[in-house]
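Shown next, in structure tokens, is the structure this report addresses.
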Amino acid sequence: MNFLAHAYLSFDDEAVLTGNLISDFVKGNKQFEYPAAIRAGIQLHRSIDSFTDNHPATLAAKQVFRNDYRLYSGAFMDVVYDYFLANDPQEFSEKDLWTFAQRSYQVLDRNFELLPKPFQQLFHYMKTQNWLYGYRTTSGIFKSFAGLVRRAQYLTDSHPAERIFLANKKFLQEQYDLFWKDLKSFTKQEFDKIIK
């Protein structure tokens, strides 16, 4: 659940950001219950996920988590990608990231009644614990790893993920560098299509 990337790749469009962040909580035809602009964000999120899952850099990076986390290796990579994005000087300074995080929470607050109930509950923690900014720190992504394990049906321990991340950080950074420029370009093209 790479919330930071999805928020950032909404290109400052409030409705798209809302849809982009709630997409994993909107199943099937439920998307048609939302206004068109929010639905566009839901669809953008799904395009981002598909592109991410099939990118060669993601496929390579996931292998470092594969032995310990199997089908969940992609979810751990989502968190790792947010860490590198939060620390990418081409995208954020520390102050910029803080400002972006607060602005994103304000958007979600304004659209709170439209958020699915499970996301409303999650959003409380996202905002009060400042998850979007927290991705910048190692301790922040380790908390995200732990949260992922808590929500997963078949996982019990996030500590191997911490060790894997630290041992493979340079390789994972290289995969992010290969992946991010492609994702950003792809998503901007998709965004331009859906907001016409």
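The values are calculated or read from the model by the stated rules, or taken from the named source; none is laboratory data. Here the structure is a predicted model, which means the values were calculated and not measured. When we count neighbours, we look across all protein chains shown, and the Cβ atoms used for this are built from the backbone with ideal geometry, even at glycine.
Couple of notes before you dig in:
- Condition broken by Ser10, with the remaining ones in (1) modelled with pLDDT of 95 or more; (2) part of a helix (DSSP H, G or I); (3) not charged (D, E, K, R) satisfied: (2)
- Beta carbons closer than 7 Å, at least 6 apart along the sequence or on distinct chains, never pair a first residue in segment 104-126 that is without any contact (Cβ under 8 Å) to a residue 40 or more places away in the chain and over 17 Å from Glu14 (Cα atoms) with a second that is among the aromatic types (Phe, Trp, Tyr) and loosely packed, with under 11 Cβ neighbours inside 10 Å.
Yes or no, residue by residue, for (1) surrounded by fewer than 15 Cβ atoms within 10 Å (Cβ to Cβ); (2) under 27 Å from Ala37 (Cβ atoms); (3) not small (Gly, Ala, Ser):
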{"residue": "Ala60", "(1), (2), (3)": "no, no, no"}
{"residue": "Tyr69", "(1), (2), (3)": "no, no, yes"}
{"residue": "Gln90", "(1), (2), (3)": "yes, no, yes"}
{"residue": "Gln129", "(1), (2), (3)": "yes, no, yes"}
{"residue": "Lys143", "(1), (2), (3)": "no, no, yes"}
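- Segment 27-58, subset assigned to a helix (DSSP H, G or I) and touching an Asp or Glu at 6+ places or on another chain (Cβ under 7 Å), residue surrounded by the fewest Cβ atoms within 10 Å (Cβ to Cβ): Ser47
- Of all residues making up segment 65-100, the number that are part of a helix (DSSP H, G or I), over 13 Å from the mean Cα position of the chain (by Cα) and not charged (D, E, K, R): 10
- Ser104 surrounded by 17 or more Cβ atoms within 10 Å (Cβ to Cβ) and assigned to a helix (DSSP H, G or I): yes
- Residue that is farthest from Ala37 (Cα to Cα) [pool: residues in segment 152-196 that are β-branched (Val, Ile, Thr) and part of a helix (DSSP H, G or I)]: Ile164
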